[in-house]
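To start, the structure itself, in structure tokens.
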Amino acid sequence: MNILLLGSGGREHAMACNIAKSERCEKLYIAPGNAGTAAVGENVALDIMDFEAVGRFAIEHRVEMMVVGPEAPLVAGIADYFAETPMLAKIIVIGPRKQGAQLEGSKDFAKAFMLRHGIPTAAYRTFTAATMAEGEAFLETLRSPYVLKADGLAAGKGVLIEADLATAKARLREMLDGKFGEASSSVVVEEYLEGIELSVFVLTDGMHYLMLPSAKDYKRIGEGDTGLNTGGMGSVSPVPFADADFMQKVESRIVKPTVQGLHKEKIDYKGFIFVGLMNVGGDPYVIEYNVRMGDPETESVFPRIKSDVVELMEHVADGSLNQCGLDVDPRTAACVMMVAGGYPEKYKKGQPISLGEDMEEVQLFHCGTATDGEGRLVTAGGRVICATALARTLPEALHRSYNRAERVKWEGKYQRPDIGQDLLRTMID
Ligand code: AMP
Ligand code: GLY
């Protein structure tokens, strides 16, 4: 079948590699894609928020399946648009409808959903400009640090963690005054959870689910988890501390009630669920849901998936995911992200990239790359390219991915030197 994958990052490059390998895939289009995806399928210059244009393309190119990489089109209702447009309704869409996408699109919706279904998460309350004084009073009942979350999508910047009560109150006022525009017209204030974070991924047909490999990402720009938040500076899969016992708790306390909750509430959900978790003394708590795969987690999770992902997605479409198992490579994947100097603040684009020599069992995934007018590979984003190595052990996977990353060169390239080091420490302890 012809498949259209929406998105342009490393997540999409990694997904495209698995999709293109499937015997079920005849032609793979990626919109808009990047220089890396152009080598796996055909890039198409579409604005993925222009649903009519995406729909027209799908009809003209006899697309039978559309896989949605990022959250924005899902939250804006691309799955609904396809389901409700007669010419498009037969196309399989991997990604939830607008209502299910609220799990990511509204923190308040997600928290209330968890409360209704007894899913462990931090205690919280939601405030608006009209209840600002109650919000300040609620902050006084909590212990430092204070967690404030813009209700809506805020490009990953909508969460503030403040140590000082007066500052937290001031930030709450700023948010409700429109610091993040419409996204912070409601603000979730919640209890701080102390622990180690990890990401768990689920593929669901709305009834049944498959748990995909777990991963950990590294959000801060600097060594030792310091400095500004980024889209993610690297990832590791599996997560050593997420052993069978912990994952059993994740499945029974979180994944099962989440999928059952969606089903009970008649929310038709076909796609990925990304559960951001905190391991608090051996017990999992949900920090957030996303309605898509993570980036750069996908770059270490997808290379480990040996099952035919297109077949799995066909089972998602017809509600028979219970007939599938998941074949996972037992090795460890480590992904090191290379970014443009200055990222996540101001950085240069258009720098020529030299990829260097390939290494066995190490893949490069393009995140922000393009081909310039002279046919050269150039940087086109903050996160530019990542190297993922598969190896028997975590130290070896890290060693190999850093080795490969060393060979990639452009002016101003930066990478975090300590991806995976915290996990190595927990393994020694
Ligand atoms: P989110 O956008 O919800 O993933 O939040 C961004 C980051 O803030 C998370 O990845 C966590 O590191 C942190 N965070 C969010 N909520 C909490 C919480 N309740 N306790 C501790 N850290 C949190
Ligand atoms: N790596 C975190 C995210 O994709 O949101």
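Is one or more of the residues making up segment 129-136 at pLDDT below 95 and outside any helix (DSSP H, G or I)? Show your work before the answer.
To start, the set of residues in segment 129-136 that are at pLDDT below 95 comprises 129-136.
Restricting the remaining residues to those that are outside any helix (DSSP H, G or I) gives none.
No: zero hits.
Mind checking which residues of segment 50-63 are touching a residue at least 40 places away in the same chain (Cβ under 8 Å) and either surrounded by 19 or more Cβ atoms within 10 Å (Cβ to Cβ) or hydroxyl-bearing (Ser, Thr, Tyr) (or both)? Spell out how you get there, then give the answer.
Here is the first cut: in segment 50-63, the ones touching a residue at least 40 places away in the same chain (Cβ under 8 Å) are 54, 57-58, 61-63.
Answer for segment 50-63, where residues must be touching a residue at least 40 places away in the same chain (Cβ under 8 Å) and either surrounded by 19 or more Cβ atoms within 10 Å (Cβ to Cβ) or hydroxyl-bearing (Ser, Thr, Tyr) (or both): Val54, Ala58, Val63.
Restricting the search to segment 280-332, which residues are under 30 Å from Tyr124 (Cα atoms) and part of a strand (DSSP E or B)? Correct list: Val280, Asp283, Pro284, Tyr285, Val286, Ile287, Glu288, Tyr289, Asn290. Taking the numbered list (1) farther than 29 Å from Gly276 by Cα; (2) part of a loop (DSSP other than H, G, I, E, B) in turn, Val54 passes all entries but (2). Kindly indicate whether Leu364 is surrounded by 21 or more Cβ atoms within 10 Å (Cβ to Cβ) and farther than 23 Å from Gly224 by Cβ. In short, yes.
Against the numbered list (1) within 16 Å of ligand 1 (Cβ to nearest atom); (2) open to solvent by less than 40 Å² (accessible area, probe 1.4 Å); (3) in contact (Cβ under 8 Å) with a residue 40 or more places away in the chain, Glu191 comes up short only at (2).
Residue count for segment 170-185 satisfying the condition of being open to solvent by less than 40 Å² (accessible area, probe 1.4 Å), under 17 Å from Leu142 (Cβ atoms) and out of contact with any Ser or Thr (no Cβ under 9 Å at 6 or more places or on another chain): 2. The condition of being surrounded by fewer than 19 Cβ atoms within 10 Å (Cβ to Cβ) and among the small types (Gly, Ala, Ser) holds for only one of Gly294, Gly227, Gly231, that being Gly227. Pairs meeting the criteria (first residue in segment 289-311 and among the aromatic types (Phe, Trp, Tyr), second residue outside any helix (DSSP H, G or I) and near ligand 2 (Cβ under 10 Å from one of its atoms), beta carbons under 9 Å, at least 6 apart or on different chains) are Tyr289/Phe274; Tyr289/Gly276; Phe302/Met293.
The values are calculated or read from the model by the stated rules, or taken from the named source; none is laboratory data. In this text, all values refer to a predicted model and were calculated from it rather than measured experimentally. Heads up, the Cβs are rebuilt from the backbone with ideal geometry, glycines too, and the neighbour counts pull from every protein chain shown. Accessible surface is based on the protein model in full, side chains and every heavy atom, while ligands, DNA and RNA are left aside. Shrake-Rupley method; radii C 1.70, N 1.55, O 1.52, S 1.80 Å.
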